[in-house]
Amino acid sequence: MIPMRLHLSPSRFFRAQFLCLWFVVSTLVLTAAEAPKKVFNLEAGDAVVTLNAFSAQSGEQIVFPVEQVRGVATRSVRGEFASAAALEQMLADSGLIAMRDAKTGALAVRRATPPPAPKETTRAEPTPPTRAEDQRALAMTKFEVTDKRIDGLINKGLLATDENAALHYSVITRLDIERMGATNIEEVFRNTPEITAYSTPNQDASVVQIVGPGSLASNLRMRGFDALQTTVLINGRRIARASFPNLVGSASGDLSRIPVGAIERIEILPSSGSAMYGGGAIGGVVNVILRKDYRGRELAVSFGTSTGGGSTEYSASYMHGFSLNGGRTTGTLSLTYRDRGALAFSQRTAMLDRALRRLTTEAAIGTFTQMPGVIRLSATTGELGIPGAAGVRFATLPAGLTNAQANALTPASFAATAGKFTPSYDRFQDNFIYTPSKSASVSSTVEHALIRDRVTLYSELSFTRNDQNIRNPKFFGAGTSYGMSATHPFNPFRTGVTPGFVGRAVILNVLPVDARENTTDMRRDAYRGVLGLRGKIGEKWEWSLDGTSEVTVIRGDTQIGADNIVLASYFSQTTNPATFAQRWSLYNLLVDHNVYPVPESFNNDYLNVVGRQRYWQYASNLIARATGDLYDWRAGTIKGSLGTEAYWWQYEGKRPYDVTPALATLMGGRNNLANDILFTKQGRRTDSVFGELIVPLIGKKWRPVPVESLELNFSGRFEETNDSTAATTGAVAVKLALTRDVTLRASRTEGFFPPEQSSISLADYRFATSITNNFTFVDPRRGRLAQVNVPLTNAAGPNPDLKSETSISDNFGLIFTPRFAKGLRLSLDFWKTSKIDAIRTPTLQQLLDNEAFYPERVARGPKLATDPADWAGVVTGVDTRAINFSSIETDGIDAQVSYAIPTDHLGEFTFRARQTFTNHFYTTITPATAPVDSVETRDGALKWKGNASIFWNRDEWTSGISARYTHSYKTETTLASSQFPGGTGVDGDRIASDLVWDYQVGYKVAYRADARGWRGWVSGTQWTVNVLNVFDRMPPWFSTGFYSRFSDPRMRYVSFQVKKSF
């Protein structure tokens, strides 16, 4: 019985979320919270350093005047304490006191008797009494802390990037990542609603096995836009995207190199952002912020595996945060190792069983054939013509055939096997869903105050190595699906094989069990360095100047055996036809190779081709920035920022093939085999100037109307490349706090994407720019006359007249943080992005249908003598180079809710949910065609995508459940629709939605300073168990690849982590 998949509606997912929330609220009996205890590991040191460390470990917001506390020594704190008790112990005998603001809950630290404060950092207030008991009776003394506007290691702009900012950002914190149970960054982005799709080569094994440099690429698409139009940054600096024209295409930068344990947070701008982040940011921006302020040492080890087998993973990480020279020098050192095992299709037999049930018999033959193979009719109708087997379209090859017997086959030879097919999973033994990989990384950050409070030197260095060693002896290639024409000399159903027999074109499906296996040994090394200075200009301005360089080197050798690259030529009748019979006799696909395998000398001489991939990618940027106060007026201080950036990238690559002399001779020369791909380099330089401005219109100091605050944000950038057009983009945002509970925000931002270099100019590799092709088309200017296989001159290649693609994003949001429900935050943001001048490569038919818009693209000769008077001349040529003639418009709603509810006796409950609803994704291919709504497709965006979690924390225990939802969608394999008029329907109405539940439980062992032996090792540890896909739900069916790529094929995955701070 075939199991049925239920269609999961968004309402069902939402009901699950609200049911969880209702459960939490209904169990609360008191709202006053007891102070939860936490494990602290704080070293003695300068108060500036230790107070930041306390904030990081406690999660408390803490403010302090740097000038007052600098140089004050604080005590070490180790063990489990409430935050207030830990702070009291740390500040004991230091001359510092701490007070909590009753309204905001923030802690403020200052000297018990503060020295005279500089005018620029302190607003003078009456000096409070110095006795501690008197201090507790007073309201917190007001003072202003000079904000460190420029961070240095993190290249941040002036505009806020948190979830309550004027611009709509989504932030994934370190705690969010831990509660996802994510062991790698792929899982983090798979769960992010604003990200339409994310994949790495670990999810696409064939890319790595054939060409290799796909291991450099991460395809991250936001809002349905192309991966290239998502800007990816690490610590606010652009990373090089993987771009290898004529090899593996282009994709967003390689994020898989980032260890998930090194991430502090991820800031996501789900709208166009070129004004802030530069060209390319049309779909959005992803900024990965790495940890840098950690103090102490942390060791974490983890193990995970799928309960169904495969994808076993081991990892270990170590982080050391240090402070030297009385806090003048600080930094971090981190080490990470990860070993991820393969996940093969043979370990997902339930998915293969489902495929057998869902596929038609003939489709299954092409996928599940063993040796001896199966021969089937190529045509969609008809029969093979086997005597006594009317209507039969396929038959298994007789077992035990020798070379001579195979060549003597006739239709009658298949009488006993007509219509028979025994499926086999053999070829899936090493056909990977996820490829095996090993990676190691080391990184460090250092900040050193050259001149206290004036000039600081900072640096970041990192190195990552990723190794992939893949064996795949049963690859899908020409050797497993071989077409034989009706006149093929060895086709058992060829014309005249028996007197009067009418030949049939057939497809032979076999498994070349004795052919040389394919192997790939790939190594990717990535180096990254940052060096800079930051300091002050006077007391109101700060500056920074830094440079970043990245180098990625890929070396890979692919042993190509039974692969389409070789066999497509080897078994081709048209390639050196003089030796085709000899080649067939050396490896006859009709022979039973289980019984009669070829000698090893055949593999050594003829299936011994090595592709040697060598790729180098470089990226560097130089950024200068100054930020400070422009003007103090009634509503507050107007702040501004100016900067400039020079960004340069270059890639070089080659892929030659080592071919044995015997194979080259047999094929009639080296040129009849896979061609070497050689090119030296491509590169581009981008220069830009940018500025940001914050203007408070209403604030605490001046409130002419009854609202809390009103603030304007501005950003602008001018950017030009050395090989394309320049662009100017802007952004404006407004944030209006109507009350302390309700805030409105709105923004308009712009984006642009310069044409790819290979689209506007020839690279170092060469190809023809004017060729003759045969076209089949309907000419609307010649009575819609259909013309078949007409040879036309076709202008192809780069187009130097291409313009940059441009976009505009609008956002209107509401943030609700009610005082009556402390800890609750709800936000709704309506968004819309429109892209114009989209670059596409037109078809001849599209150009003919829009000839009035692009008359120069169609060349016509004179009319024929018999043509009607209103007909145009005959088409003689066409220009199908890329052109700016398409547009995209998409809109939707982002919703977020978080609620932290502390209780006296039940601990703390935290509920969090994020959803993205995409209303439309209109694509207009040409100016004369109606827009097509591509929402609910892989080409556009899913209608709904979201996640929700509820966690409970009490004393040492933490536990939580999470849900992940992806909506159903349509493809070219579902029923015909407006998006896919030619849909085949083999996958039904749509690819099903998916709702997956996860579970996590954790326990903290209290720190004990007197613990010895094994108790000392266990003391201060945190133990966590994650179970992803608790109910072992199989990914939805999709005939292309057998499962939906939005889901996790590992199914139930259990991981265990131990973390120790010391």
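The values are calculated or read from the model by the stated rules, or taken from the named source; none is laboratory data. What you see is a predicted model; the values in this text were computed from it and never measured. All Cβ positions, even for glycine, are placed from backbone atoms using ideal geometry, and neighbour counts span all protein chains on display.
Tabulated values for the structure
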item	result
Checklist (1) at pLDDT 95 or above; (2) touching an Asp or Glu at 6+ places or on another chain (Cβ under 9 Å); (3) crowded, with 22+ Cβ neighbours inside 10 Å applied to Leu533, failing item	(3)
Whichever residue in the range 1028-1038 is surrounded by 18 or more Cβ atoms within 10 Å (Cβ to Cβ) and not aliphatic (A, V, I, L, M) and, among such residues, is nearest to Glu187 (Cα to Cα)	Asn1029
Pick from the range 1011-1038, criterion modelled with pLDDT of 95 or more, outside any strand (DSSP E or B) and of a type in the set (A, V, I, L, M), ranking: nearest to the chain's Cα centre (by Cα)	Met1034
Condition check for Arg1008: modelled with pLDDT under 85, out of contact with any Gly (no Cβ under 6 Å at 6 or more places or on another chain) and in a loop (DSSP other than H, G, I, E, B)	yes
Of all residues making up the range 1050-1062, the number that are of a type in the set (A, V, I, L, M) and surrounded by fewer than 19 Cβ atoms within 10 Å (Cβ to Cβ)	2
The range 1047-1061 residues that are assigned to a strand (DSSP E or B), paired with ones that are among the aromatic types (Phe, Trp, Tyr) (beta carbon under 6 Å, 6 or more apart)	Phe1056/Phe303; Val1058/Trp1023
Test: residue in the range 790-797 that is surrounded by fewer than 15 Cβ atoms within 10 Å (Cβ to Cβ) and either within 30 Å of Met222 (Cβ to Cβ) or of a type in the set (Val, Ile, Thr) (or both)	yes
Qualifying positions in the range 364-380 - of a type outside the set (S, T, N, Q), in a helix (DSSP H, G or I) and within 17 Å of Leu589 (Cα to Cα)	Ile365, Gly366, Phe368
Within the range 418-443, tally of residues that are closer than 30 Å to Arg328 by Cβ and surrounded by 16 or more Cβ atoms within 10 Å (Cβ to Cβ)	2
Top-ranked residue in the range 771-811 [being of a type in the set (A, V, I, L, M, F, W, C) and touching an Asp or Glu at 6+ places or on another chain (Cβ under 7 Å); ranked as nearest to Pro842 (Cα to Cα)]	Ala795
Test: residue in the range 813-828 that is surrounded by 14 or more Cβ atoms within 10 Å (Cβ to Cβ), assigned to a strand (DSSP E or B) and at pLDDT below 90	no
Condition met for Gln682 (in contact with a Phe, Trp or Tyr (Cβ under 8 Å, 6 or more places away or on another chain), modelled with pLDDT of 85 or more and not small (Gly, Ala, Ser))	no
Given (1) in contact (Cβ under 8 Å) with a residue 12 or more places away in the chain; (2) part of a loop (DSSP other than H, G, I, E, B), number of the condition Gly1041 does not satisfy	(1)
Verdict on Thr926 being touching a residue at least 60 places away in the same chain (Cβ under 8 Å), under 21 Å from Arg990 (Cβ atoms) and touching a strand residue (DSSP E or B) at 6+ places or on another chain (Cβ under 8 Å)	no
Index of the failed condition, Gly253 passing every other in (1) at pLDDT 80 or above; (2) closer than 21 Å to Ala182 by Cα; (3) buried (at least 24 other Cβ atoms within 10 Å of the Cβ)	(1)
Contacts under 6 angstrom Cβ, first residue in the range 1013-1027 being in contact (Cβ under 8 Å) with a residue 40 or more places away in the chain and buried (at least 16 other Cβ atoms within 10 Å of the Cβ), partner of a type in the set (S, T, N, Q) and in a strand (DSSP E or B), 6 or more apart	Gly1020/Ser1061; Thr1024/Gln1057; Asn1026/Gln1000; Asn1026/Ser1055
Meets criteria (of a type in the set (S, T, N, Q) and in contact with a Gly (Cβ under 6 Å, 6 or more places away or on another chain)) for Ser334	no
The range 469-493, residues that are modelled with pLDDT of 90 or more and surrounded by fewer than 23 Cβ atoms within 10 Å (Cβ to Cβ)	Ser485, Ala486, Thr487, His488, Pro489, Phe490, Asn491
Residue satisfying condition, being buried (at least 16 other Cβ atoms within 10 Å of the Cβ), under 30 Å from Leu848 (Cα atoms), in contact (Cβ under 8 Å) with a residue 60 or more places away in the chain and within 27 Å of the chain's Cα centre (by Cα), within set Thr890, Thr916, Thr880	Thr890
Any hit, the range 61-73, residues being over 41 Å from the mean Cα position of the chain (by Cα), modelled with pLDDT of 70 or more and assigned to a strand (DSSP E or B)	yes
Residue among Ser968, Ser977, Ser1047, Ser962 that is of a type in the set (Gly, Ala, Ser), more than 25 Å from Glu178 (Cα to Cα) and crowded, with 21+ Cβ neighbours inside 10 Å	Ser968
Options Asp879, Asp904; residue that is closer than 30 Å to Thr841 by Cβ and among the acidic types (Asp, Glu)	Asp879
Residue among Ala786, Ala838 that is loosely packed, with under 14 Cβ neighbours inside 10 Å and in contact with a strand residue (DSSP E or B) (Cβ under 8 Å, 6 or more places away or on another chain)	Ala786
Wholly enclosed strands (runs of 3 or more DSSP E) of the range 848-937 bearing at least 2 residues of a type in the set (Val, Ile, Thr) and within 18 Å of Asp837 (Cα to Cα)	883-902, 908-924
Some residue of the range 643-658 being at pLDDT 90 or above and outside any strand (DSSP E or B)	no
